[in-house]
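**Q** I have a structure I would like to understand better, so I am pasting it below and will then ask my questions one at a time.
Each value in this text was obtained by applying a stated rule to the coordinates, not by laboratory testing. All figures in this text were calculated on a predicted structure; none of them were measured in a lab. Quick reminder, even Gly has a Cβ in these numbers, built from the backbone with ideal geometry, and neighbours come from all protein chains shown.
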Amino acid sequence: MTRSLLILFLSISSLFAGENLANRYYVSDVLLKAFGDKGHDIVYDNIMKNGQIFGGSCDFYEQVRVGEKEYANPEDRNCLKGKQEYGYKDRNEYSKFRESLILQSCNALIKCPECYRHFLDRIAKAESPVQSILSQFFWNDRVITELLPQYQKVYDRYFFKSKKVKMTVLSACIDPRWQKI
């Protein structure tokens, strides 16, 4: 199954060459909302520190210090690698490296027990687990409705519910369509 997910991932992702995708701030916000704050280090290391890949410039004029190493604005919005980050694009295009970082992040977040528990708690009371999983990543109901049959097939492919949910979460998480602007 992992092989078929990878094939699906590569075939879908190749459609996004040249398209603008969401920047590191949006991607990290979606992942942290879905998987919770326990995934902060994973998202920070894979997404936030890679502004040149994901885009999302910082504003070094907004780095107001309230202490020696304490800032008034959220730490994740600072220029993490220095002033050159203010020159990053607001959005960035698809790249294999970007998608490998997304895949790495999604795998790590699902393997993190606290993160995955947070995700499961968010979808626990849903009538349709597949629709609820998709709504954690996709904000547009029309897109969710269009994708529902495809993801329902992924969900139905497995016998055990835990495997059904986990593979559907992974499939949705690595799908670059939720990052499309």
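**Q** Work out, step by step, the length gained on full extension between GLU146 and LYS180: first 0.36 nm times the residue separation, then minus their alpha carbon distance; give nm to one decimal.
**A** Roughly 10.7 nm would be gained on extension.
**Q** May I ask you to sort ILE144, ILE174 by Cβ crowding, counting other Cβ atoms within 10 Å and putting the fewest first?
**A** ILE144, ILE174
**Q** By counting other Cβ atoms within 10 Å of each Cβ, how are LEU103, LEU170, LEU148 ranked from fewest to most?
**A** Final ranking by Cβ density, sparse to dense: LEU148, LEU103, LEU170.
**Q** Counting other C-beta atoms within 10 Å, which of SER28, SER100, SER57 has the fewest, and how do the rest follow?
**A** Final ranking by Cβ density, sparse to dense: SER100, SER57, SER28.
**Q** In addition: For a quick check of your reading of the filter: which chymotrypsin sites (Phe, Trp or Tyr not before Pro) in the range 110-139 sit in a DSSP loop and have no more than 14 other Cβ atoms within 10 Å?
**A** Hits after loop and neighbour filter: TRP139.
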